[in-house]
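*Asks:* Quick one: the structure is below, and I'll ask about it shortly.
The values are calculated or read from the model by the stated rules, or taken from the named source; none is laboratory data. Everything quoted here is computed from the prediction, not taken from an experiment. Cβ sites come from the backbone with ideal geometry, for glycine too, and all protein chains shown count toward neighbours.
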Amino acid sequence: MVGAVPKPRADMRADRTPSDARGRVLRRGLISALVPLSLTLVQCGKAPSPAALAANSQANVQVVAKTNQKVASGDTFEDRFPAPQFKERFPSASESLLQRQMSDFSPKRAVQQQPEQAPYKVASLEPQVPYKRPAREDLTTLVSMKSSAFPYFGNNPASDAPFLNIAKGDRRGHRSYSGRVFWQDETYNDSRVLVHVPEHFDVRKPGVIVVFFHGNGATLERDVRDRQLVPKQITDSGVNAVLLAPQMAVNAADSSAGKFWQPGGFKRFMEESATHLAGLTGDPNSTRAFASMPIVIVGYSGGFLPTAWSLEVGGISDRVRGVVLLDAVYGELDKFASWIESHRSGFFVSAYTRHTARRDRELMSMLRQKGISVAEDMDQPLRPGSVVFVETADGITHRDYVTRAWTQDPLKDVLVKMAATPSLALTRVASSR
């Protein structure tokens, strides 16, 4: 009995030996599988090194190349990321494509209800933009006026005989003092007036109207505008002034005054001119301003005659605040002396060459006898009551006198000196440059 007990225990140990061996094998396999996994998990959250990436990439390529040569050659970027096909981008005929607008992607805003428009306008307390005259260019044009010098069918006041004192068939003409005949249809039939409005002129500001009586042998376009540059001198002066230059005898050696011989003739001319100037400046309501604007008369050469008669019988000599004679004192001394004596708020300027020197000196003597002071240079501004006689140097020609007398552009110089004197009664004139 004693020997029987160990036997079963030996059998039991013998029976357990294969199963224990299998268990140990299983445990070793499990441990060998878990250890790499644990090492992998330990590396989670750590950036792989560049060397490891390069080694793994190279190893994968080698493995793939060894196991499947076909797969290695086709494993490209295009294989991994194939380009989309047409059918994947655009719907077929049986499908629809939802159209979207940019507004579909913008944040939605609450719709605000607009208040109803009030039936009245609330006055604004904000400062208003000041009025600015519309920009425009210089305006120089010819305007036909009924009150201009010609045609004229009245009498010559010097002889009280008809002005058109000769006839030939149906033609009528005028025989001048020199005996030359000028026909009415050629010489005394132009009623046009050269009108010039500088671009800076503003009728709402103080201004002046310059009336220019040209000399013998002249036309408005060829001489007054292009050769004597009278419109340009007006503009260049910067004075707030406009120009009126009526056509006198056309291209003839004749100084006849035409309608300006008639009592009130100059007044009618200025009244009609006011209407035309208002229309040309684009403001018909400015007629009244032009009808009361001061006047400066400029007479060149033979223009002395219409100047003298406009002062004597024109009907508005009180509006004439300045007279300028450019080598033009050929006669009518009593008319000039009378206006100077009775209009001490205006100014008088006479510049002369040897052609009119005798008459100018005679007029100076007449004025001094009346106690009127006379200056003989243009070095000072023109003041109320200024009377100036200027003898120009030899070499200054009569033909060029409107552009070159005591200075270049004498008409411009007169206007500048006039505007430089605020106390001058005529100045509603304002320099704008």
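*Asks:* Whether any residue in the range 393-410 is among the basic types (K, R), buried (at least 17 other Cβ atoms within 10 Å of the Cβ) and touching a helix residue (DSSP H, G or I) at 6+ places or on another chain (Cβ under 8 Å) is what I want to check.
*Replies:* For the range 393-410, residues among the basic types (K, R), buried (at least 17 other Cβ atoms within 10 Å of the Cβ) and touching a helix residue (DSSP H, G or I) at 6+ places or on another chain (Cβ under 8 Å): absent.
*Asks:* Does D318 qualify as being of a type in the set (D, E), surrounded by fewer than 19 Cβ atoms within 10 Å (Cβ to Cβ) and either outside any helix (DSSP H, G or I) or in contact with a strand residue (DSSP E or B) (Cβ under 6 Å, 6 or more places away or on another chain) (or both)? Talk me through it step by step, then tell me what you get.
*Replies:* On the way: of a type in the set (D, E): yes; surrounded by fewer than 19 Cβ atoms within 10 Å (Cβ to Cβ): yes; either outside any helix (DSSP H, G or I) or in contact with a strand residue (DSSP E or B) (Cβ under 6 Å, 6 or more places away or on another chain) (or both): no.
Spelling it out, it is not the case that D318 is of a type in the set (D, E), surrounded by fewer than 19 Cβ atoms within 10 Å (Cβ to Cβ) and either outside any helix (DSSP H, G or I) or in contact with a strand residue (DSSP E or B) (Cβ under 6 Å, 6 or more places away or on another chain) (or both).
*Asks:* So is A291 free of Cβ contacts under 8 Å to residues at least 24 places away in the same chain and hydrophobic (A, V, I, L, M, F, W, C) or not?
*Replies:* Working: free of Cβ contacts under 8 Å to residues at least 24 places away in the same chain: yes; hydrophobic (A, V, I, L, M, F, W, C): yes.
So A291 fits the description; yes.
*Asks:* With respect to T353, is the statement that it is surrounded by 17 or more Cβ atoms within 10 Å (Cβ to Cβ), under 23 Å from A218 (Cα atoms) and among the hydroxyl-bearing types (S, T, Y) true? Spell out the reasoning first.
*Replies:* Values: surrounded by 17 or more Cβ atoms within 10 Å (Cβ to Cβ): yes; under 23 Å from A218 (Cα atoms): yes; among the hydroxyl-bearing types (S, T, Y): yes.
Considered against the rule, which asks whether it is surrounded by 17 or more Cβ atoms within 10 Å (Cβ to Cβ), under 23 Å from A218 (Cα atoms) and among the hydroxyl-bearing types (S, T, Y), T353 comes out as yes.
*Asks:* How many residues, within the range 124-155, are of a type in the set (S, T, N, Q) and modelled with pLDDT under 95? Show your work before the answer.
*Replies:* Step one: filter the range 124-155 for residues of a type in the set (S, T, N, Q), giving 124, 128, 140-141, 144, 147-148, 155.
Next, only the ones that are modelled with pLDDT under 95 stay: 124, 128.
Residues that pass the stated criteria total 2.
*Asks:* Taking G238 as the residue in question, decide whether it is at positive phi and in contact with a Ser or Thr (Cβ under 8 Å, 6 or more places away or on another chain).
*Replies:* On the way: at positive phi: yes; in contact with a Ser or Thr (Cβ under 8 Å, 6 or more places away or on another chain): yes.
Yes, satisfied.
*Asks:* Which residue, of S256, S237, S310, is surrounded by fewer than 24 Cβ atoms within 10 Å (Cβ to Cβ), among the polar types (S, T, N, Q) and either out of contact with any Cys (no Cβ under 7 Å at 6 or more places or on another chain) or without any contact (Cβ under 8 Å) to a residue 12 or more places away in the chain (or both)? Before the answer, list the steps.
*Replies:* On the way: S237 fails: surrounded by fewer than 24 Cβ atoms within 10 Å (Cβ to Cβ); S310 fails: surrounded by fewer than 24 Cβ atoms within 10 Å (Cβ to Cβ).
Exactly one residue qualifies, and that residue is S256.
*Asks:* Report every pair of residues separated by at least 6 positions or lying on different chains whose Cβ atoms are under 7 Å apart, first residue within the range 277-288 and on the phi > 0 side of the Ramachandran plot and modelled with pLDDT of 90 or more, second assigned to a helix (DSSP H, G or I) and exposed (fewer than 13 other Cβ atoms within 10 Å of the Cβ).
*Replies:* Within 7 Å, no pair qualifies.
*Asks:* How many residues are more than 15 Å from S237 (Cα to Cα) and either modelled with pLDDT under 95 or among the aliphatic types (A, V, I, L, M) (or both) if we restrict to the range 387-423?
*Replies:* Of the residues in the range 387-423, 10 are more than 15 Å from S237 (Cα to Cα) and either modelled with pLDDT under 95 or among the aliphatic types (A, V, I, L, M) (or both).
*Asks:* Also, quick follow-up: Of the conditions (1) farther than 24 Å from A249 by Cβ; (2) in contact with a Gly (Cβ under 7 Å, 6 or more places away or on another chain), L325 fails just one. Which one is it?
*Replies:* (1)
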